[in-house]
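All remarks here apply to the structure that follows.
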Amino acid sequence: MRILLTGCSGFVGSALGPRLVTEGHELFCVCRPGTSVAFGTQVIWDRAASIEESGFPKTIDVVVHAAQSRRYRDFPADSREMFDVNVGMTMRLLDWAARAAVKHFCLLSSGAVYEPFAGTLREDAGLAPPGFLGASKFASEVVAKPFSSIFSLSILRLFFPYGPGQRDRLIPLLIRRVQDGAAIQLSGGTEGIRLAPTFIDDIVEIILASIASSWTDTLNVAASEVLSIRQISNTIGQQLGVEPKFEIVNPNTPSVDIVPDLSRLASRFSLRRFVQFKEGLQKTMSVGPVDAPERRLAESQHR
C-alpha cells in the first residue's frame with residue numbers, strides 16, 4: 001500500500017516508519033521544512049499552511065496521523081501550537097484525504113482525553129477533559145468522526161508508550177531518578193498512580209493491524225499489565241542494581257488509576273501478544289543510559 005505518515009521524527013512515528021518500509025509498503029513521510037528522516041520518501045509541508053496538492057502524492061491508500069505537539073506543559077503559552085498541530089493539522093489532513101480518495105485514515109490520539117480519569121475509561125464514555133492537551137486531542141477525534149462516511153477511520157487512544165530512545169516521558173524520567181538516587185513521589189498512598197505502560201513495538205503492531213484490516217472504531221491501546229509507580233520503580237531498580245527512594249505526598253488524596261478498558265482491543269487483537277513490562281524495560285535500557293531533563297512526573301503521563 002501507499003502510506004502517508006506524519007510525525008515521522010517522533011517517538012511512535014520513528015518506530016513505525018521503518019516497519020512500514022520493511023513490510024513492503026511505499027511510505028511517504030511528512031516532514032516540516034528543514035527536517036528529514038532516514039526512511040521513506042519525504043513530503044515537505046509547513047503544517048500551519050494549507051496543503052498544496054502538487055507537493056503531496058497523487059494517490060495514497062492510507063494516512064497514519066501520528067504527529068502531535070511537543071509543547072504541552074506551559075498552558076496557556078503552548079495552547080496555540082497544541083491547537084495548530086493537534087486540531088488544525090488534523091483537519092487539513094482529513095480534508096486532503098477526502099479529496100485524494102484515501103481509503104483509510106488512522107488517527108493516533110491519547111489517553112489524556114479521559115482526564116480527570118474518573119470511573120471506567122471506556123471508549124463510549126462521555127468526555128470533557130479539563131486540560132488543554134486532552135481537550136485538543138479529543139477535539140481532533142470529534143472533527144475526524146464525520147469523515148468516517150468518506151473513508152474508514154480508526155482512532156487509537158495510546159496509553160503510556162515507552163521504549164528505546166524515548167526521552168522526557170514517564171519511564172525515562174523514572175529511570176533517571178532511580179539512577180540519580182532522587183526520591184520518587186508517590187501520591188495518594190504508598191503505591192502511587194496505577195497505569196499500563198505499553199511497549200512501543202506493541203503499539204506498532206496495533207497500528208499495523210488497524211491498517212491491514214481497516215479498523216473502523218475508537219480503541220484504547222494499552223498493555224493489560226497494570227503497575228503502580230512503586231512497582232515500576234522497583235523493577236527499574238532491579239535492572240540497575242539500585243534501591244529506589246520514595247517520598248509519600250498528599251497521603252489523604254485518593255490514588256488515581258489510569259487503567260483503560262481493553263474489551264474492544266481484545267476483540268481484535270490478542271492481548272497475550274503484548275510484551276511484559278520487565279522484558280520491555282530490559283530492551284529499553286539496553287540502548288544505554290537515559291538522558292532526559294528533570295521534569296515533574298505528573299507532566300509525563302501522556303504521549
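None of the figures in this text is laboratory data; all of them are computed from the coordinates on show. Because the structure is a prediction, the values reported are computed rather than measured. Cβ atoms come from the backbone with ideal geometry, glycine included; neighbour counts cover every protein chain shown.
Here are the numbers for this structure:
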item: Gain upon complete extension [Ser9, Asp84; 0.36 nm per residue less C-alpha separation]; result: 25.2 nm
item: Over the stretch 68-143: Rg over Rh, Cα atoms, Kirkwood Rh; result: 1.01
item: More than 17 angstrom apart: percent of Cα pairs within the stretch 95-190; result: 65 percent
item: Structure-derived volume of the Cα convex hull per residue in Å³ - corresponding label in [x] 184; [y] 158; [z] 130; result: [z]
item: Whichever lysines have a C-alpha closer than 19 Å to that of Lys137, once near sequence neighbours (fewer than 8 apart) are set aside; result: Lys145
item: Whole-Hz couplings from phi, Karplus 6.51/-1.76/1.60, listed for the stretch 182-199; x for Gly and Pro; result: 7, 5, 9, 7, 10, 9, x, x, 7, 9, x, 4, 9, 7, 10, x, 10, 5
item: Label point at Asp95 placed 7 Å out along Cα→Cβ; residues across the stretch 34-68 whose backbone nitrogen lies under 13 Å; result: 48-53
item: Set of lysines with alpha-carbon distance to Lys58 below 20 Å, sequence-local pairs under 8 removed; result: Lys103
item: Rough spin-label spacing in nm, given labels placed 7 Å along Cα→Cβ, for Val143 and Arg122; result: 3.0 nm
item: On Cα atoms only, tilt of 11-22 relative to the major axis of the chain in degrees; result: 50 degrees
item: Top positive-direction residue, dipole computed over the chain with Cβ charges, set Ser233, Pro251, Pro18; result: Pro18
item: Acute angle (nearest 10 degrees) that the helix 132-144 long axis makes with the longest principal axis of the chain, alpha-carbon atoms; result: 30 degrees
item: Cα-centre dipole for the chain with unit charges at Cβ (Lys and Arg positive, Asp and Glu negative), debye to 20; result: 140 debye
item: Share, in percent, of DSSP beta bridges within the chain that are antiparallel, nearest 5; result: 5 percent
